[in-house]
Amino acid sequence: MGALHDGSRCQTEKPKDFDISQLSKDSDGALSGHDTIVIGASVGGVEAIPRLIGSLPANLPVSVFVVLHSAPEGPGLLPEIIRRNSALPVRHAVDREKILPGRVYVSKPDYHLI
């Protein structure tokens with residue numbers, strides 16, 4: 001299913017469950033100093049992104065950020081489309097919100113995520 005790299009060889013195997021309790025969190029439950037997954041695509045990614053995120057485990061210990069190049073006046077339906085196949089919560093990113101593990105943050109049309 002996913003390709004894993006252990007430093008000396010690549011192997012393909014089903015993703016393992018993650019132990020999210022091992023991550024460092026601040027008093028608000030947000031992760032401190034954590035890895036992220038960042039996905040960027042053009043409009044053609046509307047088909048691929050939901051499949052990719054749908055394959056991620058529900059206990060994923062990292063945050064996922066998605067930026068899709070789309071028309072500024074677009075309806076911004078990508079979170080709804082992704083949510084149909086995802087075990088993770090998916091929503092449009094909100095300015096200055098806490099970044100939490102196991103969440104998918106999608107940029108709104110005509111916005112960047114920085």
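With no solvent and one point on each alpha carbon, what is the Debye value of log10 I(q)/I(0) for the range 46-113 at q = 0.12, 0.18, 0.26 Å⁻¹?
-0.28, -0.62, -1.22
Zone of residue 59 (label point 7 Å along Cα→Cβ, backbone N under 19 Å): which residues in the range 89-107?
Those under the cut-off are 89, 100-104.
How many nm is it between the label spots at residue 69 and residue 111, if each spot is 7 Å from the Cα in line with the beta carbon?
Modelled inter-label distance: 2.1 nm.
Counting other beta carbons within 10 Å of each residue's own, what order do 73, 80 fall into, fewest first?
73, 80
Computed from the coordinates by the stated procedures, all read-outs in this text should not be read as laboratory data. As the structure is a computational prediction, the values presented were derived from the model and not from experiment. In this analysis, Cβ positions are derived from the backbone assuming ideal geometry, glycine residues included, and neighbour counts consider all displayed protein chains.
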